[in-house]
Every structure is written in C-alpha cells, then in structure tokens.
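To start, the structure under review is shown below, and the notes come after it.
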Amino acid sequence: MTTAAQPPAGVTVRVPGKINLELVVGPRRDDGYHELATVFHAVSIHDHVTVVRAEEWSVRTTGDLAARVPDDESNLALRAAHALAERHAVEEPVAITIDKQIPVAGGMAGGSADAAAALVACDALWGLGLPREDLVSVAAALGSDVPFLLYGGTAVGSGRGERLAPVLSRGELHWVLWASHDSGLSTAAVYAEADRLRGEATVTEPEPSDDLLVALRTMDTAAVGACLRNDLQQAALSLAPELADVIEAGRELGVEGAVVSGSGPTVAFLVASSAAALDLSVGLAARGPEGDIRRTVGPVMGAQVVGPPVPSGPTLHIG
Ligand code: C5P
C-alpha cells in the first residue's frame, strides 16, 4: 500500500485554454518573434494531463481531438517533461496522457496549456516542490504562451508574450466560442501573413490599452466588448475567409464584442450573462457556419493538480 511518505504513482493536472482580449503586435525582432502587448484571459475549457511513472517516455491523447495531436517528440507536453527532467537531473521516465478539450491549432494555446500542465504534474510527481516562478523559465523556452498557463487569470503579456503582470478584475465574463471542427491555423503562418499584409508600414512599440484595463477593473462588460482587439485577426481572416461569416453571424445575433482568439481560427463572442450565452449558442448553431460551439467563463485559474489518476495499489510500480 502507498503511504503518505511515498511519492505519488501518478498526478493529474487540469489546465485551461486562453483567449486574448487584446493582442497588439509590434515589430518583428531579430530572433523572428514579434514584440507584443497582449491581455491573456484564461477560460473554463480544460485539458487534463496525467503523468505516471513508466519504463519509457511516452505521450498519448484521448478524446475526439486525439487524432490531431502528435504522439512523438514534437508533442509539447513531452518536451516540457524532458526539459524539466534535464534541468533538475531527474532520470524517471513518465507516460503522459492528455484528455483534450481545448481546440487544436485553434489560437487558444492548447499545446502550450498541456506543456504547462506537464511541468506542474512532473514537479509534483518527482517531488521537486518548485514554486511557479521557477517553472517559468523552463516554460518560456517551450513557447510564448506557456508561462501564462502556469498562472491563468487575466494578465498583461509583454516581450514575446512570456513576461507577465496580473490584471486586477472582479467577477466573470461570459463567452461563447466558435471553433472549427476540423481545421486549424499555424501560429507561425498567421504571424507571417500579418507581416505580409503590413508590408513596409512602420510598426510602433506595442502598448496595452488603458481603456481595457479600466473596463476589466470595473468589470463593465460592454466596455470590455468595445475594447476587444486582435492585430492578427486580419491575417487569420485572410488565411481562413470563412471566419468573416462566423463573426457576422455573432454580430447579427447580438453580442457585446467579437474577436478572433490569438492566431485563430477560434472566434470568441462576449455576452452579458449566462442566459445570453445560451441564447447565442443556440442561435449560432441554427444560423451556421458549422463549428463546435461552447459556452465558457473567465477568468479561471491556471494549471492545478486535481488528483492522482488511478488508485495507488500493490500492482503499481512505485519508484
Ligand atoms: O512561442 P511559440 O512557439 O508559441 O510561437 C510559435 C510561432 O509564432 C513562432 O515560431 C513565431 O513564428 C510566432 N510568434 C511570433 N511572435 C510572438 C509569438 C509567436 O512571431 N510574440
């Protein structure tokens, strides 16, 4: 039997997806990344990432979206586990299982969320006891959105998105998300298209808008809706023109605001209440275009341990 003194046989972490309430894209840097001013907002669509001790490193995904997630070394959760092991000289392979609900290649940082969750899960499994701040540098090396998913909530991101400052807000925002059933957009391709559309235009240093930060502090939904902004939206629409119809459908049905999430193609509609979210999701489903329509709220917490995946017992190999 496992006792309290023994390390856990496995750990499950719940992690949210994010939308960007504002995404101001500044100049392209020498390293190929763009300087950003963004307001991240974690929403209640969650993946669950489970790590268990194993003879070999592996990753697999369950759920309807599983076929679109890699199960090799390119998987960001597996890379996260490797990176943490290397940093802390841990030689204990893990088998990772991702229960996927966050849209894949949808502009909601689903892969980054799984990486953040894998860091938190492995930290707990290996008994490293690292504070979140110590996970941030490993997280930032994995991807620009990974640090935010360690914290969740609402936060201003700067640099390439990895430098964070929390945003004061109270209460909840209600959202309806439209996600593509089957196709995603590559983040790198959307940034490249944004550069192409800009051409030679001068790009200034990005700043978050004071109006949005004030609207969040007072939780004035209509004002938040009016401030939603995404500099990648035009590029996402250029690569996926059908999104214009999705946004149009939401506006016709009545919303406080509409914005493409990150690099898309997920579209986030802000509404005034959970009742309005229900009305809108029914309306969108009837009106089309076809997609996965989900109601959600934000802000929510970042990656959190929610428990062991399986009861510990004598048949399990415990370190
Ligand atoms: O950091 P991450 O791996 O998620 O970024 C994926 C791609 O998105 C990068 O390779 C880059 O092309 C683009 N990107 C960017 N500027 C940022 C963040 C991402 O150009 N601030």
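None of the figures in this text is laboratory data; all of them are computed from the coordinates on show. Since we're looking at a predicted model, the values are computed, not measured. Note that each Cβ is placed from the backbone with ideal geometry, even for glycine, and that neighbours are counted across all protein chains shown.
Could you tell me the center-to-center distance, by alpha carbons, between the range 90-108 and the range 127-152 in angstrom? Using only Cα atoms, the two centres lie 15 Å from each other.
Centre-to-centre separation between the Cα atoms of the range 252-305 and those of the range 196-227: 19 Å. Per-residue packing, averaged as other Cβ atoms within 10 Å, sorts the ranges 26-35, 39-48 into the order 39-48, 26-35, beginning with the highest. Along the range 30-35 the Karplus relation, 6.51 cos²θ - 1.76 cosθ + 1.60 evaluated at θ = phi - 60°, assigns HN-Hα couplings of 5, 7, x, 7, 9, 5 Hz to successive residues, with x for each Gly and Pro.
When N is the residue count of the range 173-297, what does its C-alpha Rg come to as a fraction of 2.2 N^0.38 Å? Please report the intermediate quantities before stating the final value.
Values: Rg = 15.1 Å, N = 125, 2.2 N^0.38 = 13.8 Å.
This ratio for the range 173-297 stands at 1.09.
Database remark: amide H of Val167 closer than 5 angstrom to the amide H of Thr154, Ala155, Val156 (H placed geometrically; neighbours at sequence offset of 5 or more, or on other chains; Pro and chain starts carry no H). Other residues whose C-beta falls under 11 angstrom from the C-beta of Ile98 contribute a net charge of -2, scoring Lys and Arg +1 and Asp and Glu -1. Full extension of the chain between Met301 and Leu197 yields a length gain of 33.9 nm, computed as 0.36 nm times the residue separation minus the alpha carbon distance. Charging the Cβ of each Asp and Glu at -1 and of each Lys and Arg at +1, and nothing else, the dipole of the chain about its Cα centre rounds to 540 debye.
Between Ala188 and Ser238, residue separation times 0.36 nm minus the direct Cα-Cα distance comes to 16.6 nm.
By its C-alpha gyration tensor, with a ≥ b ≥ c as the square roots of the eigenvalues, how is the range 161-200 shaped: rounded for a/c under 1.5, else prolate for a/b larger than b/c, else oblate? Taking the square roots of the gyration eigenvalues as a ≥ b ≥ c, the range 161-200 is oblate. Charge dipole of the range 201-289 (Cα centre as origin; +1 on each Lys and Arg Cβ, -1 on each Asp and Glu Cβ, all else neutral): 200 debye, rounded to the nearest 20.
Inter-label distance, Glu56 to Ser274: 4.6 nm, where each label sits 7 Å from its Cα along the C-beta direction. Taking each residue as 0.36 nm, the span from Arg170 to Glu252 lengthens on full extension beyond its C-alpha to C-alpha distance by 26.6 nm. Taking the range 148-173 and a reference point 7 angstrom along Cα→Cβ of Glu207, the backbone N atoms nearer than 20 Å belong to 155-161, 163-168. Distant-in-sequence amide contacts of His174, defined by a placed amide H-H separation under 5 Å and a gap of 5 or more residues or a different chain, comprise Val271.
Over the range 173-297, what is the relative contact order in whole percent, taking alpha-carbon pairs under 8 Å and six or more residues apart?
43
The helix-based estimate of mean residue ellipticity at 222 nm for the chain, built from -39,500 (n - 2.57) per DSSP H run of four or more residues and divided by its residue count, is -10000 deg cm²/dmol to the nearest 500. Scalar couplings 3J(HN,Hα) for the range 12-23, obtained by applying the Karplus form with A = 6.51, B = -1.76, C = 1.60 to θ = phi - 60°, are 10, 10, 9, 9, x, x, 10, 10, 9, 6, 8, 9 Hz; x denotes Gly and Pro. Placing unit charges on the Cβ atoms of the charged side chains and taking the dipole of the chain about its Cα centre, the candidate lying farthest along the positive direction among Leu212, Val306, Val120 is Val306.
Taken along its principal axes, the alpha carbon cloud of the chain reaches lengths of 59, 45, 37 Å, longest axis first.
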